[in-house]
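Step one of this worksheet: look at the structure below.
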Amino acid sequence: GLNITNNGTLIVNGKLEQPVVFMPNSRGQPWGGFIMRSGTGAINATGTIFTGSGSNQDWFGNNGNPGSHRDEQALFFVANNQSITLTDCAAISLAGQLGHSVNGGTYNLTRFLTQRCTTGGEYTGANFTVNDSAFIEFPDDTINFVNGDNDALYFIGGVQSFTNTLFGWT
């Protein structure tokens, strides 16, 4: 259930052949996520794998957290104008959402994979630039359709740009 609060700049310098991995101690006990509520927080990661986040299944709408179209905790929570830049990274098998933004935020995703999350997340006023990436299997790859709001991405305002990006099984 560990959360990482970031009000500064976090730089993660992994490599494709030696990635940095953020993961729980055990698959059955997810960790929380990155919380960026104030300041000029930024996450700049290269060669990084994020897995097993989203420990709080009732995070949104509780304990002073904003509401969302889904309740599960996000890997990246951004309030205001913080930024997330992920290059050659992946977010795989999350217990919750990929991200959530209120009042803006900037996301730059290049050669990024997100796979098997409850949803890609809800972004209000956020700016997205996505290149050579994939958003697949929300929440899984079964053929059974369930109208459970398992959106690949859910935008309210902001500016979005996608190039060479795959969306599938959502």
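Cα centroids of segment 1-69 and segment 101-170: 16 Å apart.
Amide H contacts under 5 Å for residue 12: 44, 45, 46, restricted to partners 5 or more places along the chain or on a different chain, H placed in the peptide plane at 1.01 Å from N.
Placing +1 at every Lys and Arg Cβ and -1 at every Asp and Glu Cβ, with all other atoms neutral, what dipole size does the chain have around its Cα centre, in debye to the nearest 20?
Its charge dipole is roughly 380 debye.
Coupling constants for segment 151-159 follow from the phi torsions by the Karplus curve (6.51 cos²θ - 1.76 cosθ + 1.60, θ = phi - 60°), and in residue order they are 5, 5, 8, 10, 10, 10, x, x, 10 Hz; glycine and proline get x. Counting only heavy atoms of the protein chains and using a 1.4 Å probe, residue 40 has close to 110 Å² of accessible surface. When the chain is treated as a GNM with alpha-carbon contacts under 10 Å, the residue of 159, 102, 130 showing the greatest mean-square fluctuation is 159.
For the set 135, 167, the ranking by accessible area, highest first and with no ligand, DNA or RNA atoms included, is 167, 135 under a 1.4 Å probe.
Within the assembled protein chains, the solvent-accessible surface assigned to residue 129 is about 60 Å², based on a 1.4 Å probe. Scanning residues 5 or more positions from residue 84 or on other chains, those with amide H under 5 Å from its amide H are 43, 106, 107, 108, with H placed 1.01 Å from N in the peptide plane.
Shape class of the chain from the Cα gyration tensor (axes a ≥ b ≥ c, square roots of the eigenvalues): rounded, since a/c falls below 1.5. Note on residue 29 and residue 160: their simple-model spin labels are 3.7 nm apart, each label 7 Å out from Cα toward Cβ.
A full extension of the chain between residue 144 and residue 131 corresponds to an added length of 1.7 nm, given 0.36 nm per residue minus the alpha carbon distance.
The values are calculated or read from the model by the stated rules, or taken from the named source; none is laboratory data. These numbers were taken from a predicted model, which means no experiment stands behind them. No Cβ is skipped: glycine too gets one built from the backbone with ideal geometry, and neighbour counts run over all protein chains shown. Just so you know, the surface numbers come from the protein's heavy atoms only, side chains and all, with ligands and any DNA or RNA stripped out. Shrake-Rupley method; radii C 1.70, N 1.55, O 1.52, S 1.80 Å.
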